[in-house]
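Worksheet for the structure shown next.
Since every read-out is calculated from the coordinates, none of them should be taken as a lab result. All values derive from a computational prediction rather than experimental measurement. Glycine gets a Cβ as well: all are built from the backbone with ideal geometry, and neighbour counts include every protein chain shown.
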Amino acid sequence: MSTIPSTTGGSSSSSSSITSTTDAETLRRNRILASKLYFDVPLSKVPLIYSPSYDIAFLGLEKLHPFDSSKWGRICRFLIVDGVLDKNHIVEPLEATKDDLLVVHSESYLSSLKSSLNVSIIIEVPPVALLPNCLVQQKVLHPFRKQVGGTILAAKLAKERGWAINVGGGFHHCCGEKGGGFCAYADISLCIHYAFIRLNISRVMIIDLDAHQGNGHEKDFSNDRRVYILDMYNPEIYPFDFEARRYIDQKVEVVSGTTTNEYLRRLDEALEVAGRMFDPELVVYNAGTDILDGDPLGQLKISPDGITDRDEKVFRFAREKNIPLIMLTSGGYMKSSARVIADSIVNLSKKCLIDMGSSSGKI
């Protein structure tokens, strides 16, 4: 004989779950509204965000890591030497606080970063595990938190000025509960949640063109139809996150050895489809240069000119639809990456897709 389950218990459980979710959303909203990461930027500044704090110098240990930890500063120096950027026009962000990070991250995850061992696992520099956490915080996590502040601020600037470039950020392997792949904080997810509340934006497109799958933001927005994810990545390399692949709205897999012409052809097709499928109010462009020919981790064969063409295509996509765009520099594991990124930004300026001399320039 079948029995009918008690509706009282189910209703109570459901009500409790709804209340818990509502409380969490209210707390998130309050944290976002109380944050100081959004601030007014003088019109004398251009929407290019960087701080000397981005660059990591850690007792020489950074040399044990494949990532060029001074890439961000060298990009800006190239732009200044090229006469494209006035150093006094750079926007310096604030560092994300614990309350800022709790918008996406759990208390337990942030507590785990107080262990030097856990940090060393995430950034893949084993000797860091042997160092006092105060040094790890100052030399590694502080620069990352500054870059997070830059990514979050970039959305505000992009909404106001049409575009913004954070010369850093793009930590797309980190989600709310877990870091990995050199990514300690989920800056993309944080940026989008801030935009939802502070900018009244309800539709965001992530265009992730780093060589690696952006499994962090994919997990964070797995059930959020406000976010459309176009991820073009090499499926034969890290992170092999098959669960997160289920959450990609538009998956474009480019295998090891893919060359420039084929890559750009696939990108053209992908952008055309994305434009038909979704109408965003903000584009977050994760512009990793680890697709470069010779990059030891990306394993693709894209030329420097191919990077320039790629970035131009994405900026044109946004301009034609009058959508504010944020660019993040993300991965890139060769010394040549900084020069390639700077050259691409110079090209965007020459093509009038960005205005590095006037804050009034629109995308």
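Would you be so kind as to identify all helices of the chain, as entire DSSP H runs, whose Cα atoms reach 18 Å or more along the helix's own axis and whose mean Kyte-Doolittle hydropathy is at least 0.0?
Passing helices, by number: 337-350.
Once amide H atoms are built 1.01 Å from N in the peptide plane, which residues 5 or more positions from Asp210, or in another chain, come under 5 Å H to H?
Gly288
Counting only other residues whose beta carbon sits under 15 Å from that of Lys313, what net charge do I get with K and R as +1, D and E as -1?
Net of charged neighbours comes to -3.
Can you put Phe317, Phe171, Phe278, Phe240 in order of Cβ neighbours within 10 angstrom, beginning with the fewest?
Listed from fewest to most nearby Cβ atoms, that is Phe240, Phe278, Phe317, Phe171.
Placing +1 on the Cβ of each Lys and Arg and -1 on the Cβ of each Asp and Glu in the chain, which of Ile90, Ala287, Met277 has its Cα farthest towards the positive end of the resulting dipole?
Ile90
Let me know the charge dipole size of the stretch 93-163 about its Cα centre in debye, to the nearest 20, where only the beta-carbon of Lys, Arg (+1) and Asp, Glu (-1) is charged.
The calculation lands at about 200 debye.
Order these peptides, 324-330, 204-210, 48-54, 346-352, by their mean beta-carbon neighbour count within 10 angstrom, highest first.
Order by mean packing, descending: 324-330, 204-210, 48-54, 346-352.
Take the stretch 138-292, compute every pairwise Cα distance, and split them into 5 Å bins from 0; I just need the percent in each bin.
2, 9, 19, 23, 22, 15, 8, 2, 0, 0
Identify which of the listed values of Cα extents along the principal axes in Å was calculated from the structure shown: (i) 78, 51, 45; (ii) 70, 51, 44; (iii) 65, 63, 35.
Correct label, based on the coordinates given: (i).
Exactly which chymotrypsin sites (Phe, Trp or Tyr not before Pro) in the stretch 177-232 are in a DSSP loop and have at most 11 other Cβ atoms within 10 Å?
Those that pass, being in a loop and sparsely packed, number zero.
Which far-off residues, 5 or more places away or on another chain, put their amide H under 5 Å from the one on Lys351, with H placed in the peptide plane?
For Lys351, whose amide H was placed from the backbone, there are no distant partners under 5 Å.
Using the structure shown, list the pairs from Lys313/Lys335; Lys87/Lys350; Lys45/Lys251 with a Cα-Cα distance above 28 Å, or answer none.
Lys45/Lys251
Please name which of Gly214, Phe144, Gly180 has its Cα lying farthest along the dipole of the chain towards the positive end, using unit charges on Cβ (Lys, Arg +1; Asp, Glu -1) and the Cα centre as origin.
Farthest towards the positive end: Phe144.
Could you please report the charge total around Leu328, scoring K, R as +1 and D, E as -1 over all other residues with beta-carbon less than 11 angstrom from its beta-carbon?
Net local charge, Leu328 excluded: -3.
Treat every Asp and Glu Cβ in the stretch 41-350 as -1 and every Lys and Arg Cβ as +1, leave all other atoms uncharged, and give the resulting dipole magnitude about the Cα centre to the nearest 20 debye.
In debye, rounded to 20, the stretch 41-350 gives about 640.
Go ahead and estimate [θ] at 222 nm for the chain from helices alone: -39,500 (n - 2.57) per DSSP H run with n ≥ 4, summed, over the residue count, rounded to 500.
So the calculated ellipticity at 222 nm is -13000 deg cm²/dmol.
Considering Cα pairs under 8 angstrom that are at least six residues apart, work out the relative contact order of the chain and quote it in whole percent.
19
Tell me, how many Å apart are the Cα centres for the stretch 324-357 and for the stretch 164-234?
19
Quick check on the exposure proxy: order Leu267, Leu43, Leu141, Leu230 from fewest to most C-beta atoms within 10 angstrom.
Leu43, Leu141, Leu267, Leu230
Neighbouring Cβ atoms within 10 Å as the yardstick, rank Val148, Val84 fewest first.
Going from sparsest to densest Cβ surroundings: Val84, Val148.
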